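Take a look at the structure set out below.
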Amino acid sequence: MTLAEKETDIYITGSNSKLLSTELSTFLTGRYVDLKVHTLNFAETLDFKRALAQPINDLSEEFLSYLKRGGFPSLYVSIQTERQDDSEVSDIYNSIIYKDLVERKNIRNVELLTRVTRFVMDNIGSPISAKSISDYLKNERMSLSQDTVYKYLDWLEEAMVIERVKRYDLRGKVILKTQEKCYLSDIGLLYAINGRSSTYLSGVLENLVYHELVSHGYQVYIGKYNDKEVDFVTERNHEKMYFQVSAHISDKSTAEREFSALRSIQDNYPKYVLTLDKVFLHSENGIQAKYLPDFILNEL
């Protein structure tokens, strides 16, 4: 029996499901299942292109294309320019900001919300706090309390613009309350709002790997072990994995930094350094350096 043959009400809304569920939770308690739908991951973009009979290039070219576009499905319906991609994603972003946030939350100073969002985008892959955002705004001659910053971050997360990731102390085995990181729900938002710059590469790669991990059902944290930072600590079915993400590891000091953070973790769970370098892939003390596109497509 199909759903259409059952006594079923189906609602389709232009607003995101989390905001809708908070508004209707009183009426639907116990009678709905909340499913989080992500934008396309790398493998899904290739499936999308196959379904539309579009040409598929080699792995590196396809990954770089995905890195430049993000995963909004509408971008893959036809071949578009970067400007067309950015314009389309900008329209999506503006719809979210004005319909799901400004109108629903009765935000009067849209400029402050925009500044907070841009700050988060500029600092993808870096720890942030309400204080760092508040201090930044003060330097820009704008005033916003730390409590209001937290409120804006909460709302941006509710609207699925950003996702906040907690820091996990690997020695103390506790989740820390400070210095979390924010990632975008899709990297295409960064290009549409802040433009394209090579300075974003490191943060974009982290954002992309985070997106891949959560889309495959992993619980993800930022790792801390003494004074060393681990990009991602993941858990699924009580099994852990550790990840460092670096565009290049050809430089010895960069490779040492990435490997040493994982080397300090004394357990037997898998540990990976994901990179765009193909030539410098190797294993060391159980830590494997992997070509990032190949790993997320074939191993993750």
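For the stretch 197-300, relative contact order (Cα pairs under 8 Å, six or more residues apart, normalised by length) works out to 20 percent. The amide H of residue 168, built 1.01 Å from its N in the peptide plane, has 176, 222, 223, 224 as neighbours under 5 Å, considering only residues 5 or more places off or on other chains. Put in line by how crowded their Cβ is, counting other Cβ atoms within 10 Å and starting with the fewest, 50, 263, 69 read 50, 263, 69. Which option, (1) 68, 42, 41; (2) 55, 52, 42; (3) 60, 47, 41, is the value of Cα extents along the principal axes in Å that was calculated from these coordinates? Matching entry in (1) 68, 42, 41; (2) 55, 52, 42; (3) 60, 47, 41: (2).
Multiply the residue gap between residue 263 and residue 247 by 0.36 nm, knock off their C-alpha separation, and tell me the result in nm, one decimal place. Please list the in-between numbers first.
Details: separation 16, 0.36 × 16 = 5.76 nm, distance 1.93 nm.
Net length gain for the segment: 3.8 nm.
Checking the a/c ratio against 1.5 first, then a/b against b/c, what shape does the Cα gyration tensor give for the stretch 197-300? Here the stretch 197-300 falls in the rounded category. When the C-alpha to C-alpha distance is required to be over 27 Å, the pairs from 49/252; 36/278; 177/290; 166/271 that qualify are 49/252; 36/278; 177/290.
If exposed means no more than 15 neighbouring beta carbons inside 10 Å and the site is in a DSSP loop, what's the longest run of the chain without any exposed GluC sites (Glu not before Pro)?
It works out to 141-298.
Taking θ as phi - 60° and the Karplus parameters 6.51, -1.76 and 1.60, the scalar couplings of the stretch 284-294 work out to 8, 6, x, 8, 10, 8, 10, 6, 3, x, 5 Hz in sequence order, x denoting glycine and proline. Put simply, the amide H of residue 162, placed in the peptide plane, has neighbours under 5 Å in 157, 185, leaving out anything fewer than 5 places away on its chain. With contacts taken as Cα pairs under 8 Å at a separation of at least 6 residues, the chain carries a relative contact order of 14 percent.
Here r is the Cβ-Cβ distance between residue 54 and residue 278 and R0 is 25 Å; the resulting FRET efficiency, rounded to 0.05, is 0.50. Fewest neighbouring Cβ atoms within 10 Å first, the residues 124, 56 line up as 56, 124.
Run through the stretch 75-180 and list the trypsin sites (Lys or Arg not before Pro) located in a DSSP loop whose Cβ has at most 13 other Cβ atoms within 10 Å.
Working: sites: 83, 99, 104, 105, 108, 115, 118, 131, 138, 141, 151, 164, 166, 167, 171, 173, 177; in loops: 104, 105, 108, 141, 171, 173.
Here the sparse-neighbourhood loop sites are 108, 141, 171, 173.
Label zone of residue 150 (point 7 Å out along Cα→Cβ, amide N under 14 Å): in the stretch 194-229 this covers no residue at all. Close amide H contacts of residue 290 (hydrogens built in the peptide plane, cut-off under 5 Å, sequence separation of 5 or more or a different chain): 273, 274, 275. The distance linking the stretch 71-100 with the stretch 182-200 is 12 Å (Cα centroid to Cα centroid, whole angstrom).
Label-to-label distance for residue 82 and residue 43 is 2.9 nm, based on points extended 7 Å past Cα in the beta-carbon direction.
Each value in this text was obtained by applying a stated rule to the coordinates, not by laboratory testing. Predicted model only: the values in this text are computed from it and were never measured. Note that we place each Cβ from the backbone using ideal geometry, even for glycine, and neighbour counts take in every protein chain shown.
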